[in-house]
Every structure is written in C-alpha cells, then in structure tokens.
Amino acid sequence: MNPLMKTVYFTILLFILILPVTDAFANELTLNIDKTIYEKSDFISVWGSTEFDSVFISIKDPDGNNVWNERLKPDDENNFSTLIIAGIGGWQKSGNYLVIVESGNSISDTKFFYNSGAQVNPPSAVSDYYVSPDDLYLTFAIAIIIVAGIFIYLARHIILQKKTSYDNFKLDSKKNRDYEKYHSEWSEEEIFGSHKSSTETKEFRAMYDDNSLPNYYLILGLTNDSSQTEIKNQYRKLAKQYHPDRNKDSSEEKMAKINKAYEILSDKKLKAEYDKFCKLL
C-alpha cells in the first residue's frame, strides 16, 4: 500500500474514533442541587447545563409519585436554573426524593432527603413520643373539664344555696355586716350553722366574781332545762321579733343580748361551762 492510501485510511479511522466522543460532549447534560437535606418551605436550588433548547424537571416522592414538574429554557450559554419550594403542593412523606432532568435524549437524576415534619409523618418516622393533634385536643378538653369540675365543686355551696326572703328585700342592714350575719337566724329557711363563741370559760368566772354574769336563759325567755331545739326555736322567734329590719323600734343593744345568749347556749361545751356558774346565781 502506497503512502497516500495509508494516509487516507488513517484519517478515516481517526474520524470514526473521534466522532462519538465529540458527539457525547455535545449532548452532555449536567444536574446539580445545593443541599442533600431539606425541610418544609426550604428553597431547593436546581441548576445545570445542556446543549438542547429545553429542559424538563420533575421530582418524585418515595412512592414514585410526581410532586413537581417544570419545563425550562436554557439561556444563551446553555445553562438552566430554578428554585423549588420544598413541600409546595403537599409533600406528605419524609424520605428520599428523586430529581430527574430530561433534555433531548439525555436523562440525569439526583436524590435528596425531605423531612415533612411531625404533623404529617407517622409516629414511627418521627419519635417514639409522638402525640397526634387529635390526642392533644382530647387532652386539653379533658383538662378543661377537670378544672371546671373542681371549680364547680368548690363553689357548690354558692351555686346550690337557695334564696331566702331576706335576699329579696332591699334592707339597710345588708350594708352592715354586724346585722347581716344574723339574718339567717330569722329567715324561713333552715340554714343554721355552727356559732363560734369568742367567750372563754375564764370569762364566766370573772363575770360571776363581780356579779355581772347575765342570765342567758332569762334573756331568751327559757328555763335552765330547755333543750337545744327549744333554744333554737325561741331564738328564731325573738330574732324575727327584734331584728332591726323587722322591728324599727328594736334597739341594737337588745338584739346584741339575744345574739350573745344564743351564742353561748347553742354551743354545748360553753353551755355546760356556763351552767356551772348559772346554778350558783
């Protein structure tokens, strides 16, 4: 073979070997993303280059469902870029998401991890201590019911207390707590409570020694052998008769003596101490 033919054959062979390589570079497609982990509302930056006049970008979730599609046109330097908001359109699952770029006959892809947050993930994907929103609502509702129940229980006496005829009258004595504390004793309702005496036993002895010990039985119009029921009934009768709201001619002093007599005689312990000195009168 002469030298000219050898040169021709060599040139043809070189052209055959170089053509696929230059074709591969001409059709090169690149793909890049800025991070490998994203959370909801993060920006996903996608960019690359291609020799073709259009690029189609898609994102698939862990189940292979399309959650994003976009078509781009490269710039004059064959570069393309876009920003995608993570989670837009409702990306329901955490896991590995696949970014796929198609341009001409070329396809390129890359992966990233997306954390969709506790509100949409199953408990096992987030934490062993996960509490669903429904459970939180139920917990708050139960707490409110418990607090309301405690409040009602503590205020039960006020809520269930029946109004008496005294409550319906506009009386001046309601402005005076010294009068008002006795109104339950002459009302039609049986709402007596225990009477705490401020008189000590030693005061009986002091009053007896200086001959100032009152005869509380006489003040109430009773005898020394009167029962607690008789004492109570007689006190109610006198309270109705002499209370300033019922009897304008009654004096505070008279009502005070009646109240004091009942205070002593209605208390069994004080009555027993008082009787010791009363018998000596």
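The values are calculated or read from the model by the stated rules, or taken from the named source; none is laboratory data. What you are looking at is a predicted structure, and each value in this text was computed from that prediction instead of being measured. Virtual Cβ from ideal backbone geometry, glycine too; neighbours counted across all protein chains shown. Accessible surface is based on the protein model in full, side chains and every heavy atom, while ligands, DNA and RNA are left aside. Shrake-Rupley method; radii C 1.70, N 1.55, O 1.52, S 1.80 Å.
Within region 236-278, being in a loop (DSSP other than H, G, I, E, B) and open to solvent by 60 Å² or more (accessible area, probe 1.4 Å) holds for ARG246, LYS248, ASP249. Do we find that VAL126 is of a type in the set (Val, Ile, Thr), surrounded by 16 or more Cβ atoms within 10 Å (Cβ to Cβ) and at pLDDT below 90 in this structure? Answer is yes for this residue. Across region 106-113, not a single residue is classified as part of a helix (DSSP H, G or I) and modelled with pLDDT under 95.
Residues are listed down the side, and each one gets a yes or a no for (1) out of contact with any strand residue (DSSP E or B) (no Cβ under 7 Å at 6 or more places or on another chain); (2) open to solvent by 100 Å² or more (accessible area, probe 1.4 Å); (3) modelled with pLDDT under 55:
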| site | (1), (2), (3) |
| --- | --- |
| ILE146 | yes, no, no |
| ILE150 | yes, no, no |
| ALA155 | yes, no, no |
| ARG177 | yes, yes, yes |
| TYR182 | yes, no, yes |
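When PHE80 is tested against the conditions (1) assigned to a loop (DSSP other than H, G, I, E, B); (2) in contact with a Pro (Cβ under 7 Å, 6 or more places away or on another chain); (3) more than 18 Å from GLY117 (Cα to Cα), the lone failure is (1). Taking region 221-267 as the range and being among the acidic types (Asp, Glu) and under 24 Å from PHE204 (Cα atoms) as the test, the residues that pass are ASP225, GLU230, GLU252, GLU253, GLU263, ASP267.
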